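Read-outs: derived from the displayed coordinates by stated rules, not from any lab. Keep in mind that this is a model prediction, so the values were computed, not measured. All Cβ positions, even for glycine, are placed from backbone atoms using ideal geometry, and neighbour counts span all protein chains on display.
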Amino acid sequence: MEMLEHIKARRTIRKFKPEPVPQEVLDEIYEAAMWAPSHANAQPWDFVVVGPEARTKLLGMLQAKAAELLADPNLPAPKRKNLELLREDFGGAPYMVAVLSRPGVEPLEKLENPLSTAAAVQNMCLAAWARGLGSVWLSVGAAPPSRPILKVPEGASVVALLALGYPDQSPPAPPREDYKTHLRQVP
């Protein structure tokens, strides 16, 4: 599969099969992250594997926020469905990892570290898809109450909480805008 086709084929998965992810597949996913571009090859990311106790606490946070959002009768149906799937134990994902950006010392590092870490997360999602796994990039890990749960060091930030596993449901491709509507040129 060509790279652009692979990128277009990837889906966000919100319902997973219970089968565990083999360690060798996880190793490949982490290896892919390490090849993400980063300023001066800083590789300013760390991975925090989410165990059962942390998962339960994070799920409680997600369920509280989901209940708040689901109470809105104007919540669009697709968002409602996605929240309902995730509030059931993160869609049943058998593996979860938080991806942290290390704190920057210089102003440029403070800007670039999270951007580089996001590129590492994208690599992880694509590597997972290439091995038949799905992922969902969750923002619940970025909420301030998650910091002590994930033992986030002072100054670091949670760029992603990734739920990974074999897809139980794979949605169709959502519509995308033509890139030309996002393109401009300066003199």
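When the listed pairs Lys8/Lys180; Lys15/Lys79; Lys15/Lys151; Lys79/Lys180; Lys65/Lys110 are checked against a 20 Å cut-off, the alpha-carbon distance exceeds it for Lys15/Lys151; Lys79/Lys180; Lys65/Lys110.
Pull out a ≥ b ≥ c, the square roots of the eigenvalues of the alpha-carbon gyration tensor of region 3-169, then state rounded if a/c is under 1.5, prolate if not and a/b is larger than b/c, and oblate in the remaining case. Since a/c reaches 1.5 but b/c is at least a/b, the shape of region 3-169 is classed as oblate.
The residues Leu83, Leu4, when put in order of fewest to most other Cβ atoms within 10 Å, stand as Leu4, Leu83. Remark: Met3, Met61, Met124 ranked as Met3, Met61, Met124, counting other beta-carbon atoms within 10 Å and listing the fewest first. Between the exposed loop cleavage positions of the chain, defined as GluC sites (Glu not before Pro) in a non-H, G, I, E, B DSSP state with at most 12 neighbouring beta-carbon atoms within 10 angstrom, the longest gap is 3-153.
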